[in-house]
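Inspection log for the structure reproduced underneath, given as structure tokens.
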Amino acid sequence: MTELKNLTRERLMRVSTATLTTVLFKHGLHNTFLQGLCPVSKATGNMVGPAYTLRYIPARADLDRIEVFADRTHPQRVAVEECPPGHVLVMDSRGDPTAASSGNLLLTRLFKRGVAGVITDGGFRDSPEIAVMSLPAYHQRPSAPTNLIKHHAVDLQRPIACASVAIYPGDVMVGDAEGVVCIPANIADEVAQESYDQTLYEDWVATRMEAGASLFGVYPLTDEDQRKEFQAWRKAHMSDYPLASPSDH
């Protein structure tokens, strides 16, 4: 099972999905933001964790009866009991929110087991209860009907499509108030470092914009005098950014 380095996790806890998408774009990755999803819960801080995947196909009436939940091998139930602590359960619901992908009881179990978050490109039922949970949860919109009406859980830990983004088991999911980004596992450490350093730089740019400076030469940083000013500011504020690279790039 994929484990995140502590430094990588800490850096990703401190960056925005907007910054991450820019850094991933620099790596040639254009489709990394899970479009159309929004946070349900009031959890504060970023959601960060490797993906544990569950795939749904369309339900079939002769197979998806309420009795199937008594089967201890049912993939949805297995996912809830086996998604490792610190991971994010990501559900491929084919972008269909007309029946719930899960509800507050299952999310409560995941929260008690130490899971880092839950994502579906469908909808959650019991959304008022989920809204006050501390577990980060993302979906399209509320959906009261039970999942068996529309969704048949078929397998775990396979590549899936969630909100039209390819997600492989172990890819690193990062969520904030704006939405969710998927980072390929093999570049997570590098992207986390670049994004943290980019955040430091953008914080300096914000101070320049507040002071009335022009974008030109500052964003991007092409003016040599501005570069020297940034380097001096960076040195003076390094204690505020303890996870930054030793020097700017």
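Computed from the coordinates by the stated procedures, all read-outs in this text should not be read as laboratory data. Every value quoted in this text rests on a predicted model; they were computed, and no experiment measured them. Cβ sites come from the backbone with ideal geometry, for glycine too, and all protein chains shown count toward neighbours.
Couple of notes before you dig in:
- Gain in span if fully extended, Glu3 to Lys235, counting 0.36 nm per residue against the direct Cα distance: 80.3 nm
- Under-5 Å amide H pairs with Asp155, H placed in peptide plane, nonlocal only: Arg55
- Karplus-derived 3J(HN,Hα), 6.51/-1.76/1.60, for each residue of region 169-181, Hz, glycine and proline x: x, x, 4, 9, 9, 10, x, 9, 5, 8, x, 10, 10
- Residues His237, His151, His87, ranked from the fewest to the most other C-beta atoms within 10 Å, line up as His237, His87, His151.
- When you filter the chymotrypsin sites (Phe, Trp or Tyr not before Pro) in region 174-249 for DSSP loop state and at most 11 other Cβ atoms inside 10 Å of their Cβ, you are left with Phe216.
- In a simple Cβ point-charge model (Lys, Arg +1; Asp, Glu -1; nothing else charged), the chain has a dipole of about 640 debye relative to its Cα centre.
- Note on Lys26/Ile57: beta-carbon distance plugged into 1/(1 + (r/R0)^6) with R0 of 41 Å gives a FRET efficiency of 0.70.
- Mean residue ellipticity, 222 nm, helices only, the chain: the sum of -39500 (n - 2.57) across DSSP H runs of n ≥ 4, divided by residue count and rounded to 500, is -9000 deg cm²/dmol.
- Candidates Val68, Val191, Val88: whichever shows maximal mean-square fluctuation once the chain is modelled as a Gaussian network with Cα springs under 10 Å: Val68
- GNM flexibility winner over the chain from Ala166, Ala185, Ala79 (Cα, springs under 10 Å): Ala166
- Sequence-distant residues sharing a close amide H with Thr146 (under 5 Å, placed H): Ala100
- Using θ = phi - 60° and Karplus 6.51 cos²θ - 1.76 cosθ + 1.60, couplings along region 57-62 (whole Hz; Gly, Pro as x): 10, x, 5, 10, 4, 6
- Measure of compaction for the chain (Cα Rg per 2.2 N^0.38 Å): 1.13
- For region 134-213 and region 38-90, distance of Cα centres in Å: 17 Å
- Backbone HN-Hα couplings from phi across region 72-84 [Karplus 6.51/-1.76/1.60, Hz, Gly and Pro as x]: 6, 9, 4, x, 5, 5, 4, 4, 5, 8, 10, 4, x
- Ranked list, fewest to most other Cβ atoms within 10 Å of each Cβ, for Asp197, Asp64, Asp240, Asp155: Asp240, Asp155, Asp64, Asp197
- Value of relative contact order over region 84-221, rounded to a whole percent, pairs C-alpha under 8 Å and six or more apart: 20 percent
- A cut-off of 5 Å between modelled amide H atoms, ignoring neighbours fewer than 5 places along the same chain, links Gly49 with Met173.
- Label positions at Phe69 and Phe216, each projected 7 Å from the Cα along the C-beta direction, are separated by 6.4 nm.
- Mean-square fluctuations from a GNM of the chain, with a 10 angstrom spring cutoff on Cα atoms, peak among Asp71, Asp126, Asp96 at Asp71.
- Full extension of the segment from Ala166 to Asn186, taken as 0.36 nm per residue of separation minus the current Cα-Cα distance, would add 5.8 nm.
- Contact order normalised by residue count of the chain, Cα under 8 Å, 6+ apart, percent: 27 percent
- Size descriptors for region 84-123, from the alpha-carbon set: Rg then Dmax equal 10.4, 29 Å.
- Test item: Cα-centred dipole of region 92-221, Lys/Arg +1 and Asp/Glu -1 on Cβ, debye: 720 debye
- Debye intensity ratio in log₁₀ form over the Cα atoms of region 141-249, taken at each q of 0.10 Å⁻¹: -0.50
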